[in-house]
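Participant: My questions all concern the structure below.
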């Protein structure tokens, strides 16, 4: 089990590795483009090669991308659909160039139409993206916190999308805060057993490739996307210790997306706490 953080690429892709080393991150997530705009930049081979070389030298990995926030796989607007799929294609094309596994994305909102009404639309969008991209890059669906009719808040929805797409390149990233806010009990032994059991039944543990390790500002079932620093929220240190002790997460990378103790984003202090919890959970011995 490796632990790491979402880190900035400001100043160049390889600067993300410098920031990872400074905070002690063993695995990282980055944006492939500015998250609040459709505008993308191109990356020269020199820059992607520098990233790969630094990552290998520092033993930082696996690496994941996070898709920009504007994407909605649910959208039926022709312009938004084209731009969103093009952005995901760009991410999945960048992945093999920098040695990243894949890009995680939220499906978007059905805006009251209901999940069944948009299932095929989501699956069709994913199929188009996969057809246009390298076979060794993953499209990683992230569970949502359930606000505003968001698709993928429930495990059965993620599983249905994967089955409808019918491609093993579709994986899942479990966000602890989002799951907790949706009512998935991660903090009691009985609740975690039930949660993992449902994930296994509806999705399959082989699809779980990453975990966004975020504490929660809202209580269980609060249905709000509100991240908190590790140990400072309703999941708490005991909750993360239980999660990290569970065999289902033994080899899953944990990546923090927390506000940070200085409100500057993921930081060394949060990672040090998560590493301490990992030691307490005995998860270090499980690393291969």
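Coordinate-derived values only; no laboratory data. Everything numeric here is computed off the predicted structure, so don't read it as measured data. Cβ coordinates were reconstructed from backbone atoms using ideal geometry, including for glycine residues, and neighbour counts include every protein chain displayed.
Participant: With r defined as the distance between the Cβ atoms of residue 57 and residue 116 and R0 fixed at 51 Å, what FRET efficiency is calculated, to the nearest 0.05?
Facilitator: So, using R0 = 51 Å, E works out to roughly 0.55.
Participant: Same structure again: Take peptides 229-235, 262-268 and line them up by average Cβ neighbours within 10 Å, highest first, as a rough protection proxy.
Facilitator: 229-235, 262-268
Participant: Which residues does a label at residue 128 reach in segment 74-118, if reach means a backbone N under 15 Å from a point 7 Å past the Cα toward the Cβ?
Facilitator: 74-90
Participant: How would you classify segment 66-191 from its alpha-carbon gyration tensor, with a ≥ b ≥ c the square roots of the eigenvalues: rounded for a/c under 1.5, else prolate if a/b is greater than b/c, otherwise oblate?
Facilitator: It comes out oblate by the Cα gyration axes.
Participant: Let me have the relative contact order for segment 54-200, percent, based on Cα pairs under 8 Å that are six or more residues apart.
Facilitator: Here the relative contact order equals 21 percent.
Participant: Evaluate the relative contact order of the chain (contact order divided by residue number), counting alpha-carbon pairs under 8 angstrom at least 6 apart; express in whole percent.
Facilitator: 17
Participant: Between residue 237 and residue 198, what length in nm is gained on full extension when 0.36 nm per residue of separation is reduced by their alpha carbon distance?
Facilitator: So the chain would gain 11.7 nm between residue 237 and residue 198.
Participant: Taking a ≥ b ≥ c as the square roots of the eigenvalues of the Cα gyration tensor of segment 153-222, is the shape rounded (a/c under 1.5), prolate (a/b larger than b/c) or oblate?
Facilitator: Prolate is the answer for segment 153-222, as a/c is 1.5 or above and a/b outweighs b/c.
Participant: OK, next. Taking the simple approach of a point 7 Å from Cα along Cα-to-Cβ for both residue 251 and residue 268, what is their distance in nm?
Facilitator: Placing both labels 7 Å along Cα→Cβ, they lie 3.2 nm apart.
Participant: Using 7 Å Cα-to-Cβ label points, what is the residue 10/residue 70 separation (nm, one decimal)?
Facilitator: Those two pseudo-labels are separated by 2.1 nm.
Participant: Say each of residue 190 and residue 22 gets a label point 7 Å from the Cα, pointing the same way as Cα to Cβ; how far apart are those two points in nm?
Facilitator: Spacing of the two 7 Å Cα→Cβ label points: 4.7 nm.
Participant: Alpha carbons only, please: Rg and Dmax for segment 1-44, in angstrom.
Facilitator: When restricted to Cα atoms, segment 1-44 yields Rg and Dmax of 11.5, 35 Å.
Participant: Counting each DSSP H run of 4 or more residues in the chain as -39500 (n - 2.57), what helix-only mean residue ellipticity at 222 nm follows after dividing by all residues, to the nearest 500 deg cm²/dmol?
Facilitator: -12500 deg cm²/dmol
Participant: Share of antiparallel DSSP beta bridges in the chain, in percent to the nearest 5?
Facilitator: Percent antiparallel among DSSP bridges in the chain is about 10.
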